[in-house]
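J.: Right, I'll just put the structure down here and ask away after.
Just so it is clear, none of the values below were taken in a lab; they were calculated from the coordinates. The shown structure was predicted, so the numbers you read here are calculated from the model rather than taken from an experiment. Glycine also receives a Cβ, built like all others from the backbone with ideal geometry; neighbour counts cover every protein chain displayed.
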Amino acid sequence: MFASCADPETLTGLNWLACYLTNGKHLLFYQSFGTVMLLLVITAPVALAFGFLGASAARSHVAPFRWLGKSYTSIVRGVPDIAFFLFFVIALDQAFEWLRHQVKCPDWGQPIRQGSDFVVCDAAKLPLSSSPQWVHETYGFALAVLTFAIVFGAFAANVLFGAMRSVPHAQMETAEAYGFSSRQAFWRILVPQMWLYALPGLSNLWMILIKATPLLFLLGVEDIVYWARELGGSKTARFSDYPHGDWRMWYFGALLVFYLLLTKVSEVALDRLMTRLSHGQATSGGEAQRKAAA
Amino acid sequence: MKKIVLSAAALAMTAGMAMAESHSMTVRMGTEGAYPPFNYLNDDGEVDGFERELGDAICETAELTCEWVTNEWDSIIPNLVSGNYDTIIAGMSITDERDEVIDFTQAYFPPDPSAFAAMSDSFDGTGVIAAQTGTIQASHVASMDGAQLVEYATPDETIAALRSGEADAVLADKSFLEPIVAEDADLVFSGGDVMLGGGIGMGVRESDTELKEKLDAAIAKLKEDGTVNTLIEKWFDGMEAPY
């Protein structure tokens with residue numbers, strides 16, 4: 001990166017460190033922090049949407065919807081995350097390829113399953129094997145987001161389902177007495193107020209989601225854990241211009257600080273949100289605010 | 001109007017197909033990127049090493065467009081089988097066990113002795129021995145009397161375990177251990193070499209016979225014209241030209 005880094009063997013002390021920390025591999029490491037943040041930013045709303053759909057379905061008056069919503073939450077919540085993460089990524093990928101195969105190559109003569117091989121025609125590969133590496137990476141990342149959203153959506157559904165039931169029933173009855181249809185009562189009375197009851201559970205989920213991001217590494221996305229391990233491993237002078245011993249401790253230490261900072265910032269932000277939502281509500285938080293103001 | 005749109009679409013499609021055919025086939029090369037000198041990530045974060053140079057030469061000879069992909073060693077075979085990439089070129093020894101799941105091209109690297117690296121000369125083949133998960137060395141240690149196997153996900157972690165005293169020795173390909181032992185005064189080779197495996201080849205899906213033939217032909221050609229020998233001599237100090 002710097003001109004002075006051309007000959008690393010002559011460098012010492014801070015100069016060496018500056019060059020070391022800005023080599024190509026480290027730049028990829030820094031980028032991977034962006035990958036993790038991007039995952040959080042995309043997954044959180046998608047998972048919330050999944051959760052909302054799941055919770056709405058679970059309290060639906062139509063029985064099949066109710067079954068669907070209930071079984072979604074109970075199945076996903078009951079199976080270990082890691083099994084889901086490994087299963088979904090392979091299963092979703094193969095399901096997409098199978099569908100594309102049916103559409104694009106209807107007259108393909110060979111079976112799709114050949115022993116342990118999963119073979120679809122070239123045009124059905126997702127992404128096409130001729131597409132550049134970044135497409136493959138984006139596709140892998142999208143699969144990861146979808147998997148995270150499905151898993152965390154189930155937990156969010158459960159939280160929201162509980163929150164919907166916590167909104168005082170008397171309010172819904174009042175709404176109906178004023179002539180609201182049940183749809184209107186749902187959107188205008190229930191949904192705006194349920195967030196207060198959902199927030200403690202959702203903030204908990206958010207914290208767990210932050211902690212779960214290293215699972216990206218399991219899904220084959222080159223995230224911060226991958227690079228920390230790769231960079232921290234000892235390097236011999238023959239294969240690197242910056243030989244060093246086993247530095248994994250420092251790299252994983254940096255990750256620790258990063259995650260602690262991230263959770264701390266979220267905690268502060270969520271506390272503020274809670275204060276805002278409690279305003280004027282008939283809950284202990286709202287009551288405390290009222291007393292403090294008086 | 002509808003007809004024009006349809007024929008335009010048909011034209012575009014045939015043009016697209018013609019384009020696809022004129023381009024050479026793209027082959028995705030799966031490697032581990034953590035096993036120098038065979039394959040590793042260089043300071044720029046790119047795949048480098050003996051297999052990178054050899055793989056590029058193979059692709060040029062076979063007129064394929066190659067794209068390099070890294071994957072964890074643990075899941076390198078399942079991801080080949082499910083089609084995430086088309087070949088494994090990761091210092092993988094040809095064994096009967098693996099041959100049941102995937103196919104191998106002919107070897108591009110001769111059967112290489114495996115060696116024990118230890119902290120002292122006194123290592124006698126017993127005690128805790130570290131090896132990478134799913135390697136021929138790991139199964140060899142498992143079959144040794146008086147030895148206890150500890151497995152690690154990456155080759156680098158086996159060395160770290162040896163240095164920290166968690167393991168008494170590491171069993172790995174000698175060509176991988178050589179540069180490490182050479183640079184670290186604390187480490188020595190001990191307990192003699194063992195011959196394992198039937199050479200190192202490229203792995204392909206069993207259904208991919210066409211690709212396998214292409215790669216085989218390219219490797220044979222490169223062996224004949226001496227490219228493989230030159231690369232082996234370049235990347236492996238003191239190794240004689242085998243082909």
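J.: In bins 10 Å wide, starting from 0, what share of all Cα pairs of the protein assembly as shown does each bin hold, as a percent?
T.: Calculated P(r), rounded to whole percents: 3, 14, 21, 22, 17, 11, 7, 3, 1, 0.
J.: Another question about this same structure. Calculate the spin-label point distance for A:PHE258 paired with A:LEU273, positioning each point 7 Å from the Cα along the beta-carbon direction, and give it in nanometres.
T.: In this crude label model, A:LEU273 to A:PHE258 measures out at 2.3 nm.
J.: Given a Förster distance of 22 Å, report the FRET efficiency between B:SER75 and A:PHE96 from their Cβ-Cβ distance, rounded to the nearest 0.05.
T.: 0.70
J.: Aspartates and glutamates near A:LYS211 by alpha-carbon distance under 15 Å, same-chain residues fewer than 8 away left out - which ones?
T.: Cross-link targets: A:ASP81, A:ASP223, A:GLU267.
J.: Okay, moving on. Comparing B:GLU63, B:GLU46, B:GLU183, which has the greatest mean-square fluctuation in the GNM of chain B with Cα pairs linked when under 10 Å apart?
T.: B:GLU183
J.: What is the mean number of Cβ atoms from other protein chains located within 10 Å of the Cβ atom of each residue in peptide B:79-90, rounded to a whole number?
T.: Other-chain Cβ atoms within 10 Å of each residue's Cβ, averaged: 3.
J.: Work out, step by step, the length gained on full extension between A:ILE210 and A:THR12: first 0.36 nm times the residue separation, then minus their alpha carbon distance; give nm to one decimal.
T.: 67.5 nm
J.: Moving on. Against the longest principal axis of chain B, how steep is helix B:174-183, in degrees 0 to 90 to the nearest 10, with axes from Cα atoms?
T.: Its long axis makes an angle of about 60 degrees.
J.: Have a look at A:TYR20, A:TYR178, A:TYR242 and tell me which one the Gaussian network model of chain A (Cα, springs below 10 Å) gives the largest fluctuation.
T.: A:TYR178
J.: Of the candidates A:PRO45, A:PRO106, A:PRO64, which one comes out as most mobile in a Gaussian network treatment of chain A with C-alpha springs shorter than 10 Å?
T.: With Cα springs under 10 Å in chain A, the top fluctuation among A:PRO45, A:PRO106, A:PRO64 is at A:PRO106.
J.: Grab every C-alpha pair in the range B:136-243, bin the distances at 10 angstrom width from 0 up to the longest one, and report whole percents.
T.: Bin by bin from 0 Å, the calculated values are 11, 33, 30, 21, 5.
J.: Please provide three numbers in whole Å: the alpha-carbon extents of the range B:38-104 along the principal axes, with the largest listed first.
T.: 34, 27, 21
J.: Cα-based Rg of chain B per 2.2 N^0.38 Å, rounded to two decimals?
T.: 1.20
J.: Any chance you could tell me what percent of the C-alpha pair distances in the range B:47-182 go past 23 Å?
T.: 39 percent
J.: If r is the Cβ-Cβ distance from A:SER131 to A:VAL62 and R0 is 35 Å, what FRET efficiency results, to the nearest 0.05?
T.: Here the calculated transfer efficiency is 0.25.
J.: Now, a different point. Starting at 0 and stepping by 5 Å, how many percent of the alpha carbon pairs of the range B:113-195 end up in each bin?
T.: 3, 18, 32, 30, 14, 2, 0
J.: What is the calculated FRET efficiency for A:TRP108 to B:GLU213, with r their C-beta to C-beta distance and R₀ = 25 Å, to the nearest 0.05?
T.: 0.75
J.: Another one. Please check which bits of the range B:164-179 a label hung off A:ARG238 would reach, taking the label as a point 7 Å along Cα-to-C-beta and the cut-off as backbone N under 16 Å.
T.: B:172-179
J.: While we're here: Mind checking the range A:112-167 for trypsin sites (Lys or Arg not before Pro) that DSSP puts in a loop (not H, G, I, E or B) and that have at most 11 other Cβ atoms within 10 Å?
T.: none
J.: Quick check: the angle from helix B:209-224's long axis to the longest principal axis of chain B, C-alpha only, nearest 10 degrees?
T.: 60 degrees
J.: Then there's this: Sequence neighbours fewer than 8 away in the same chain don't count; with that in mind, list the aspartates and glutamates whose C-alpha is under 18 Å from A:LYS104.
T.: Counting by Cα, and skipping residues close in sequence, A:LYS104 has these aspartates and glutamates nearby: A:ASP93, A:ASP122, B:GLU21.
J.: Run the numbers for B:ASP237 and B:THR133: contour at 0.36 nm per residue of separation, minus the present Cα-Cα distance, in nm.
T.: 34.8 nm
J.: Classify the range A:22-277 as rounded, prolate or oblate from the Cα gyration tensor: take a ≥ b ≥ c as the square roots of its eigenvalues, call it rounded if a/c is under 1.5, otherwise prolate when a/b beats b/c and oblate if not.
T.: Note, shape of the range A:22-277 comes out oblate.
J.: Shifting gears a bit: Provide A:LYS104, A:LYS235 in ascending order of the number of other Cβ atoms located within 10 Å of each residue's Cβ, fewest first.
T.: A:LYS104, A:LYS235
J.: Still on this structure, I have one more. Give me the distance between the Cα centres of the range B:63-123 and the range A:255-294, rounded to whole Å.
T.: Centre-to-centre (Cα) distance: 53 Å.
J.: So how tilted is helix B:50-61 from the main axis of chain B? Cα-based, degrees 0 to 90, rounded to 10.
T.: Taking the Cα atoms of chain B, the angle to B:50-61 is about 30 degrees.
J.: Under 21 Å between alpha carbons: how many lysine pairs meet that in chain B, if sequence neighbours fewer than 8 apart on the same chain are excluded?
T.: The result is 6.
J.: Still on this structure, I have one more. In whole angstrom, note down how far apart the Cα centers of the range A:12-42 and the range B:156-188 are.
T.: Here the answer is 28 Å between Cα centres.
J.: Still on this structure, please answer the following. Put a dot 7 Å past each Cα toward the Cβ at A:VAL265 and B:ASN229; how far apart are the dots in nm?
T.: Distance between the two pseudo-spin positions: 5.9 nm.
J.: Considering only A:CYS19, A:THR73, B:HIS140, whose Cα is most displaced toward the positive end of the charge dipole of the protein assembly as shown, charges sitting on Cβ of Lys, Arg (+1) and Asp, Glu (-1)?
T.: Final value for the positive-end residue is A:THR73.
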